[in-house]
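Each remark here refers to the structure printed beneath this line.
The values are calculated or read from the model by the stated rules, or taken from the named source; none is laboratory data. Bear in mind that the values here come from a model prediction, so they are computed numbers and not experimental data. Ideal geometry is used to build each Cβ from the backbone, glycine not excepted, and the neighbour counts take in all protein chains shown. Note: accessible area is taken over every heavy atom of the protein model, side chains too, but ligands, DNA and RNA are not part of it. Shrake-Rupley method; radii C 1.70, N 1.55, O 1.52, S 1.80 Å.
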Amino acid sequence: MATAAVEIGNADIYNPRKILDHPEFRVLQEGEKPKPEANIAAFYNPQHQIHLVEKPRPKPGPGQVLLHVRATGICGSDVHFWKHGRIGDSMVVSDECGSGHESAGEVVEVGEGVTQWKKGDRVAIEAGVPCSQPSCDACRTGRYNGCPDVVFFSTPPYHGTLTRWHLHPAQWLHRLPDNVSFEEGSLCEPLAVALAGIERSGLRLGDPVLICGAGPIGLVSLLSARAAGAEPIVITDLFQSRLDFAKKLVPGVRTVLIKRDLKPKEQAEEIKRAAEGPLKLTLECTGVESSVHTAAYATVFGGKIFIIGVGKNEQVFPFMHLSANEIDVSLQYRYANQYPKAIRLISAGLINVKPLVTHRFPLEDAIDAFHVAADPAQGAIKVQIQD
Ligand SMILES: NC(=O)c1ccc[n+]([C@@H]2O[C@H](COP(=O)([O-])OP(=O)(O)OC[C@H]3O[C@@H](n4cnc5c(N)ncnc54)[C@H](O)[C@@H]3O)[C@@H](O)[C@H]2O)c1
Ligand SMILES: OC[C@H](O)C(O)[C@@H](O)CO
Ligand SMILES: [Zn+2]
Ligand SMILES: [Zn+2]
């Protein structure tokens, strides 16, 4: 059977049904070896299954670029969609859906009118493609992460970038310099989340900062806060192993293990002791209600809690404490305009994301990769799939 199904292209990339209904789309049986060069991908579904699928290799239409995806990191949200079938009320898994949005790859073919890319170019893939219409306030004003019509590949219903051949609009790709690997290029995605938070939080040189949570997002926030000149930095987690990882990554960081039997106020006292002074800014990277409470009690009068983590639909905040201490609360939704910055920071050596990758799998073993990413006992920070 031919691997090149030319009828998939153009607007079809925004129509997930075109893939699901295509005669070349099929779910591989467990243990079945995919055909070499086949456009395999890892798909999750409403039955909480994750499996390899074969789908047609698309053909670039005008303004599009066909990419060979070379590295993709598994994000907590990929695992969440697989295991829980939804994030909040608006992102619900209702059919087979392709995973992955932390990707970098190589240009294979360009469509009509694409002049800025050529075969062999190396790029980071910005997975959220907003409408870019002048009538869209979010797009027109540059806050395109708020675009109501954004197609975010891997958020249902849009299939993700964890695949071999991915079609993307030319203007949502970012060139990787020779000294930035595909692996680092794919880490630009979680880094973009942290950089967006850092930018909007207003962090300044010498600010004392608390980071709640030492998962991948907490760790890229740690690297970014350090590069931005925060001092001291205190990081918390429920697991000593994650704090040890943070300490290896940024030796100067101070760590506080969160104990489930302590109240947020008691926990905050420990954090303040570790900081040996007031904490001006908290970057909250768990989305867990009790952690937001701890952050509130640890942050100084006039400070800010910047919440990057996402969690329960409704949460209770210590309102009067925040009010009586003029503590600002801000939140972050994905990112806008951060990829070029992320690439510059990595290329110039100001941020080293390489140590975050703890596990690597070939594309054929993507399902094993998901099982490692989903099992805390495996101790993974970032699991990558490379092809
Ligand atoms: N705002 C956005 O656009 C955006 C983008 C990506 C991820 N996120 C969110 O950021 C958060 C972090 O992502 P991640 O990939 O690092 O997730 P993760 O689950 O790997 O890491 C979270 C860490 O927080 C720790 N933790 C849990 N409860 C805690 C508590 N009470 N106090 C201190 N630490 C605690 C966990 O042990 C874990 O190490 C998630 O909620 C994720 O959904 C948000
Ligand atoms: O890194 C981007 C995030 O994972 C996404 O916003 C996801 O959580 C929902 O689409
Ligand atoms: Zn993500
Ligand atoms: Zn828009």
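Considering only protein heavy atoms, with the full assembly of protein chains and a 1.4 angstrom probe, order Met320, Met91 by accessible area, largest first.
Values: Met320 120, Met91 35 Å².
The ordering from most to least exposed comes out as Met320, Met91.
Return one number: the angle in degrees, 0 to 90 and rounded to the nearest 10, between the long axis of the Cα atoms of helix 264-275 and the longest principal axis of the Cα atoms of the chain.
On a 0 to 90 degree scale, this one is about 90.
Choose one answer from Asn15, Asn145, Asn179: the residue with the largest mean-square fluctuation in a GNM of the chain with alpha-carbon springs under 10 Å.
Asn179
Can you give the net charge of the other residues whose Cβ lies under 14 Å from the Cβ of Leu350, counting K and R as +1 and D and E as -1? Spell out each step's value before the answer.
Working: positive: Arg226, Lys341, Arg344, Lys354; negative: Glu184.
Once all neighbours under 14 Å are counted, the net charge is +3.
Which residues make up the longest stretch of the chain clear of GluC sites (Glu not before Pro) that lie in a DSSP loop with no more than 13 other Cβ atoms within 10 Å, not counting the sites?
On the way: sites that count: Glu7, Glu30, Glu32, Glu37, Glu112, Glu276, Glu314, Glu326.
The longest such stretch corresponds to 113-275.
Lone cysteines in the chain, going by a 4.7 Å Cβ-Cβ cut-off?
Those would be Cys75, Cys97, Cys131, Cys147, Cys188, Cys212, Cys285, since no other cysteine Cβ in the chain comes under 4.7 Å of theirs.
Sequence gap of 8 or more, or different chains, plus Cα separation below 18 Å: how many lysine pairs satisfy both in the range 1-146? Don't skip to the answer; put the middle values down first.
Working: Lys18/Lys55; Lys18/Lys59; Lys33/Lys55; Lys35/Lys55; Lys59/Lys118; Lys59/Lys119.
Lysine pairs meeting both conditions in the range 1-146 amount to 6.
With Cβ to Cβ distances under 13 Å as the rule, what net charge do the other residues near Val288 carry (K, R +1; D, E -1)? Each step should come with its number before you reach the end.
Numbers: positive: Arg260, Lys312; negative: Asp237, Glu284, Glu289.
Within the 13 Å Cβ shell, the charges total -1.
With everything on Cα atoms, drop me the angle between helix 216-227 and the longest principal axis of the chain, reported from 0 to 90° to the nearest 10.
The angle comes out at about 60 degrees.
Which value, in debye to the nearest 20, describes the size of the charge dipole of the range 273-358 about its Cα centre when Lys and Arg Cβ atoms bear +1, Asp and Glu Cβ atoms bear -1, and nothing else is charged? Walk me through the numbers before you get to the answer.
On the way: 8 positive and 6 negative charges, 93 e Å.
My answer is approximately 440 debye.
Just how large is the dipole of the chain about the Cα centre, in debye to the nearest 20, putting +1 at every Lys and Arg Cβ and -1 at every Asp and Glu Cβ?
On the way: 40 positive and 44 negative charges, 166 e Å.
Around 800 debye, computed over the chain.
Ranked highest first by the average count of other Cβ atoms within 10 Å around their residues, in what order do 330-340, 372-382 fall?
Numbers: 330-340: 18.2, 372-382: 15.9.
In decreasing order of mean packing, 330-340, 372-382 become 330-340, 372-382.
Relative to the longest principal axis of the C-alpha atoms of the chain, give the angle of the C-alpha long axis of helix 182-201, reported between 0 and 90° and rounded to the nearest 10°.
On a 0 to 90 degree scale, this one is about 40.
Could you compute the FRET efficiency for Gln29 and Arg86, with r as their C-beta to C-beta distance and R0 at 22 Å, rounded to 0.05?
On the way: r = 27 Å, r/R0 = 1.23.
Once rounded, the FRET efficiency stands at 0.20.
Along the charge dipole of the chain, pointing to its positive end and built from +1/-1 on Cβ of Lys, Arg, Asp and Glu, which listed residue (Pro148, Leu243, His48) has its Cα farthest out?
The one lying farthest along the dipole's positive direction is Leu243.
Can you list which of the trypsin sites (Lys or Arg not before Pro) found in the range 177-263 are DSSP loop residues with at most 12 other C-beta atoms within 10 Å?
Details: sites: Arg200, Arg204, Arg226, Arg242, Lys247, Lys248, Arg254, Lys259, Arg260; in loops: Arg204, Lys259, Arg260.
Sparse-neighbourhood loop trypsin sites (Lys or Arg not before Pro): Arg204, Lys259, Arg260.
Using just the C-alpha positions of the chain as equal point scatterers, what log10 of I(q)/I(0) does the Debye formula give at each q in 0.06, 0.14 1/Å?
-0.23, -1.20
Based on the Cβ-Cβ distance of Gln315 and Ser347, what FRET efficiency does E = 1/(1 + (r/R0)^6) give at R0 = 30 Å, to the nearest 0.05?
On the way: r = 38 Å, r/R0 = 1.27.
Here the calculated transfer efficiency is 0.20.
To the nearest 10 Å², what's Lys118's accessible area with a 1.4 Å probe?
Counting only protein heavy atoms, Lys118 exposes about 130 Å² to solvent.
Just to confirm, what accessible area per residue do you get for the range 149-198 at 1.4 Å probe, in whole Å²? Mind showing how you got there, number by number?
Numbers: 1230 Å² over 50 residues.
About 25 Å² of surface per residue is accessible.
Quick one: if you stick a label point 7 Å off each Cα along the C-beta vector at Arg204 and Leu262, how many nm between them?
The two pseudo-label positions are separated by 3.0 nm.
Can you give me the C-alpha center-to-center distance between the range 217-237 and the range 37-91, rounded to a whole angstrom?
Using only Cα atoms to place each centre, the spacing works out to 30 Å.
Hey, any idea what % of the chain's accessible area is carbon plus sulfur with a 1.4 Å probe? Don't jump to the answer; show the numbers that get you there.
Details: 8920 of 16910 Å².
Ligands and nucleic acids excluded, carbon and sulfur give 53 percent.
Just to verify a number: FRET efficiency for Ser323 and Ser132, C-beta to C-beta distance, R0 = 41 Å, to 0.05? Don't skip to the answer; put the middle values down first.
Details: r = 40 Å, r/R0 = 0.97.
FRET efficiency, Ser323 to Ser132: 0.55.
Residues of the range 49-82 with amide nitrogen under 20 Å from the 7 Å Cα-to-Cβ point of Val108?
52-73
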